[in-house]
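S.K.: Handing you a structure now.
Just so it is clear, none of the values below were taken in a lab; they were calculated from the coordinates. Model, not experiment: these values are computed from the prediction. Neighbour counts are summed over all protein chains in view; Cβ atoms, including those assigned to glycine, are modelled from backbone coordinates with ideal geometry.
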Amino acid sequence: MAHNLNYNPKTDKHSFFSVKEKAWHSLGTIVEQYPTSSEAIQFAGLDYLVEKRPLFTYDTANFSSDPETDILLPQIKIPDVFATVRTDTDEALGVVGKDYHVVQNVDAFSFFDSIVGGGEGILYETAGALGRGERIFITAKLPDYIKVGRNDLIEQYLFLTTSHNGSGSITAAFTPVRIVCQNTLNAAMRSQANGIKIKHTANAHDRLKQAHQLMGISHQLGNEMQEIFNQWTKIRISDKQVKKLVQLAMAPNLEIYDAIRMGKELETSTLYNNTIDKVLEYAGTSPSQQMETTKGNLFGAYNSVTGYFQNVREFKTDESKLIPLWEGVQ
């Protein structure tokens, strides 16, 4: 199943919800109004608990079995190693160490709620679970906008993902809706990180402290982006310069990037050339690229690349569309 959304046979539903619009996989629950955190958990099918349970193996020298079923019973407890298990389906989600702390799904939502005091101002837009439920994700819209020019508004989001299988930290990041790859923008903003990572060993007090830290990062980044974007609207560039910027942004490796930057001739793949053509076509035909804030300037060139990823490019799987966000916190 390409989308990899968790399917719960007990409820006959996929673990996903979205506000108003169907997601690209057309699965899950669609709601008309922004829900509270407790409602979002229910809509997304995330209302399950995860437990750490001890792991056992067999004593090969002295097998023991259930006298009623003749099923072999594990006898030896494995020290300092545990399985994480969904209590509603009894599915094992992963193997973790003794110091691993389970962060329940409800705690992931309360992380966002705590930033603004009870959730006022946070608008939960999507949430869901992947695989057997070992990874969850949440996107929440902030009430403020980045304003470019007089009427070009860019929505601001917080994105959170966490796992129940020991594969990674709790990751929370800030991102505008148009941005998929943060590399170019981070360079413009002195390579400042756009989010935080929290180990599963952190206690509730530490997580709350870092939640407020994330809000501070988001506020600062929003202000910086607004200033940068408005500066970019004043920088006029030619079609030739747009093409070069797009070629640099889409370069698949450093060799091609350096060759383009230095103006050298280099044979490139058909796939790369077709991608450049698609980005330039979007730059020249999309209504969003004909606005006062985007037409013929650097901000428009930047949006031709981000708009391609957001609106044109076809991803092999739905999960792969989320990966740039998951990996955006460095």
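S.K.: Applying the Karplus parametrisation 6.51 cos²θ - 1.76 cosθ + 1.60 with θ = phi - 60° to the phi angles of segment 130-147, what ³J(HN,Hα) value in whole Hz is obtained for each residue in order, glycine and proline being reported as x?
M.R.: 10, x, 8, x, 6, 10, 10, 9, 9, 10, 10, 8, 7, x, 8, 10, 8, 9
S.K.: Sorted from fewest to most neighbouring beta carbons within 10 Å, what does the list ILE260, ILE76, ILE146 look like?
M.R.: ILE76, ILE260, ILE146
S.K.: Sticking with this structure for a sec: Report ³J(HN,Hα) in whole Hz for each residue of segment 252-266, in order, from the Karplus equation J = 6.51 cos²θ - 1.76 cosθ + 1.60 where θ = phi - 60°; Gly and Pro get x.
M.R.: x, 7, 5, 4, 5, 4, 5, 5, 5, 4, 8, x, 8, 7, 8
S.K.: Given a Förster distance of 30 angstrom, what is the FRET efficiency for VAL102 paired with GLU32, based on the Cβ-Cβ distance and rounded to 0.05? Provide the component values of the computation, followed by the final result.
M.R.: Values: r = 33 Å, r/R0 = 1.10.
For R0 = 30 Å, the calculated efficiency reads 0.35.
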